[in-house]
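Asker: Could you have a look at this structure, given as structure tokens, before my questions?
The values are calculated or read from the model by the stated rules, or taken from the named source; none is laboratory data. Worth saying up front: this structure is predicted, and the values here are computed from it rather than measured. Cβ atoms come from the backbone with ideal geometry, glycine included; neighbour counts cover every protein chain shown. Accessible surface areas use protein heavy atoms only, side chains included; no ligands, DNA or RNA. Shrake-Rupley method; radii C 1.70, N 1.55, O 1.52, S 1.80 Å.
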Amino acid sequence: MEQMTLFGNNRAMTPLASRLRPDSLDGFVGQEHLIGRGKILRQLIEKDQISSMIFWGPPGVGKTTLASIIAATTKSEFINFSAVTSGIKEIKEVMNRAEMSRRVGMRTVLFVDEIHRFNKAQQDAFLPYVEKGSIILIGATTENPSFEINAALLSRCRVFVLKALEEDDLVMLLENALKNPAGFGGQNVVISPEHLRAIAAFANGDARTALNTLETAVLNGEVSAKGITVTEEGLEQCVSRRSLLYDKTGEEHYNLISALHKSMRNSDPDAAIYWTMRMLDGGEDPLYIARRLIRFASEDVGMADSRALQIAVAAYQACHFLGMPECDVHLTHAVVYLSMAPKSNALYTACEAAKKDVRTRRAEPVPMQIRNAVTGLMREQGYGEGYEYAHDTEEKLTHMQCMPESLKDRTYYHPTEDGEERKTAWRLDEIKKFRDNRS
């Protein structure tokens, strides 16, 4: 006899997201760009013509579900493999089993969840079996495959990008969970459309989070003879904190800092503040953000407003003194200042142009006139001969050449007319006129 629970039997002990996992494409929600009618992945699955592939996307968007649908439809032995709990020994055992199946004409589909957690040696263990067709590999990852999957293995797999689910898709899933007998069908759960929409928004594109949140809300609902009612107060406790997608060492880390940098460059303070708060909310070290602001101050503002560098350094010091959560306002101060400052990348382009010459041209000797003659032998060799002391002149300028001969006409710094840099541009123009006028 099955043990009875609030929901009828012990099936309710299985998480809602697992109970509602579809076993066909018709029940799958989202990813229309891949499995809509006529789309390539749908055709490959329906025709049983799959090849090795990588499913790349954020959590809860259907990577494992698609693999299970392939398991239900493919004419192959299907092996579910976790990169979290498996090592080289387990890989070799599975590969040997797959090779034996190949020899008797049976195809093996190997699904590897969180494949990015395998190290290079473990990933290399798959390669010969993928090459000779012993297995069809399906890997699932939340990380950018170009960073986390070996190039040799990645070149033999087709990458399918799965997107975060739309809010409407999540609402559809939640409504199905309330009607489906595998979910809360027949349990008379009362929850308003507004509450369903709130759960969908909270889930941030993650179906698993949406269903788990609904399940928690129902379990904590008010029980009466008429059924279960999800109240406003109960729901607020379930959605009081959302864990935003953020991995301080993964691709999203670089996506968000790029978003901040480019928002400031585009003089968009609101976007820059938003991305800053996203990083802080995800647990980013405020000192890391402050260091990036210091770089930005010279790379993108530069001489157009040299105070920007002072503001950025001051923000770093403030973050160091106070830490989180108080230092968030100091980062906001710097972010807004840098966003609104006039922009010039003249220092950055000068730096890059000079580095290119340093790396690609011969190491030119320092001109004799600007060498320091610290010994008698050096003076005899001509060190310092012809040196002109700028402070001895009325203009504080000389015609002395400081560049190596082969680079004497090279120009790296091209000041703009933006902000304070226009003064520098005028000053540099006057200097060039003086040096061109050698008479």
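Asker: Just the number please: accessible area per residue for segment 205-349, 1.4 Å probe, all protein chains included, in Å². Before the final figure, lay out each step's value.
Answerer: Working: 7320 Å² over 145 residues.
Roughly 51 Å² per residue, with all protein chains present.
Asker: Near the amide H of MET53, under 5 Å away, which other amide H atoms are found, from residues 5 or more places off or on another chain, if H is placed in the peptide plane?
Answerer: Sorted by chain and number, the residues that satisfy this are LEU137, ILE138, GLY139, ARG158.
Asker: Thinking of segment 199-326 as a set of Cα atoms, what percent of all their pairs are more than 20 Å apart?
Answerer: On the way: 4713 of 8128 pairs.
Counting pairs separated by more than 20 Å, the tail of P(r) holds 58 percent.
Asker: Rounded to the nearest Å, what's the spacing between the alpha carbon centres of segment 372-395 and segment 166-206? Just the number, please.
Answerer: Comparing the Cα centres of segment 372-395 and segment 166-206, I get a distance of 82 Å.
Asker: Can you list the lysines whose alpha carbon sits under 17 Å from that of LYS47, skipping same-chain ones fewer than 8 residues off?
Answerer: The qualifying lysines are LYS39, LYS75.
Asker: Just to confirm, what accessible area per residue do you get for segment 388-439 at 1.4 Å probe, in whole Å²?
Answerer: Ligands and nucleic acids excluded, the result is 77 Å² per residue.
Asker: Right, another one. Excluding residues on the same chain fewer than 8 positions from LYS179, give the aspartates and glutamates whose Cα lies under 14 Å from its Cα.
Answerer: Filter leaves GLU215.
Asker: Between ASP169, ASP328, ASP26, which gets the highest mean-square fluctuation from a Gaussian network model of the chain, Cα cutoff 10 Å?
Answerer: ASP26
Asker: For the chain, list the cysteines whose Cβ sits under 4.7 Å from no other cysteine Cβ?
Answerer: Lone cysteines by the Cβ rule: CYS157, CYS238, CYS351, CYS402.
Asker: Using a 1.4 Å probe over the heavy atoms of the protein chains, calculate the carbon and sulfur portion of the accessible area of the chain as a whole percent.
Answerer: Numbers: 12550 of 24470 Å².
Answer for the chain: carbon and sulfur cover 51 percent of the accessible area.
Asker: Where in segment 48-151 are there trypsin sites (Lys or Arg not before Pro) that are in a DSSP coil and have at most 16 other Cβ atoms within 10 angstrom of their Cβ?
Answerer: Values: sites: LYS63, LYS75, LYS89, LYS92, ARG97, ARG102, ARG103, ARG107, ARG117, LYS120, LYS132; in loops: LYS75, ARG107, LYS132.
Those that pass, being in a loop and sparsely packed, are LYS75, LYS132.
Asker: Still on this structure, please answer the following. Helix 269-281 versus the longest principal axis of the chain: what angle, 0 to 90°, nearest 10, using Cα atoms?
Answerer: 60
Asker: Helix 307-322 versus the longest principal axis of the chain: what angle, 0 to 90°, nearest 10, using Cα atoms?
Answerer: That works out to roughly 50 degrees.
Asker: For the Cα atoms of the chain, what angle does the longest principal axis make with the long axis of helix 328-340, in degrees from 0 to 90, nearest 10?
Answerer: Helix 328-340 and the main axis of the chain meet at about 60 degrees.
Asker: Can you tell me how much longer the chain between GLU430 and GLN369 gets when fully stretched, taken as 0.36 nm per residue apart minus their C-alpha distance, in nm with one decimal? If you can, show how the numbers build up before the last one.
Answerer: Details: separation 61, 0.36 × 61 = 21.96 nm, distance 2.36 nm.
Extending this stretch completely gives an extra 19.6 nm.
Asker: So which GluC sites (Glu not before Pro) in segment 339-439 pass both tests, a DSSP loop state and at most 14 other Cβ atoms within 10 Å of the Cβ?
Answerer: Details: sites: GLU352, GLU380, GLU385, GLU388, GLU394, GLU395, GLU405, GLU417, GLU420, GLU421, GLU430; in loops: GLU385, GLU388, GLU394, GLU395, GLU417, GLU420.
In loop regions of segment 339-439 (DSSP not H, G, I, E or B), the sparsely surrounded GluC sites (Glu not before Pro) are GLU385, GLU388, GLU394, GLU395, GLU417.
Asker: Within straight cross-link reach of LYS89, meaning Cα distance under 24 Å, which lysines are found once same-chain residues fewer than 8 apart are removed?
Answerer: Hits, sequence-local ones excluded: LYS120, LYS132.
Asker: Looking at the chain as a GNM with Cα springs under 10 Å, which of SER224, SER344, SER155 has the largest mean-square fluctuation?
Answerer: SER224
Asker: Taking every alpha carbon pair in segment 28-183, what does the distance histogram look like in 10 angstrom bins from 0, in percent?
Answerer: Histogramming segment 28-183 at 10 Å steps yields 10, 39, 34, 13, 3 percent.
Asker: Taking a probe of 1.4 Å, how large is the accessible area per residue of segment 38-145, in Å²? Before the final figure, lay out the partial values.
Answerer: Details: 4690 Å² over 108 residues.
On a per-residue basis, segment 38-145 sits at 43 Å².
Asker: What does the helix-only formula give at 222 nm for the chain: each DSSP H stretch with n ≥ 4 adding -39500 (n - 2.57), the total divided by the residues, and the result rounded to the nearest 500 deg cm²/dmol?
Answerer: Numbers: 20 runs with 210 residues, N = 439.
After summing the helix terms and dividing by residue count, I get -14500 deg cm²/dmol.
Asker: Count the DSSP beta bridges whose two residues both fall in the chain, then state the antiparallel fraction as a percent rounded to the nearest 5. Show your work: numbers first, answer last.
Answerer: Numbers: 3 of 25 bridges.
For the chain, the DSSP antiparallel bridge percentage is about 10.
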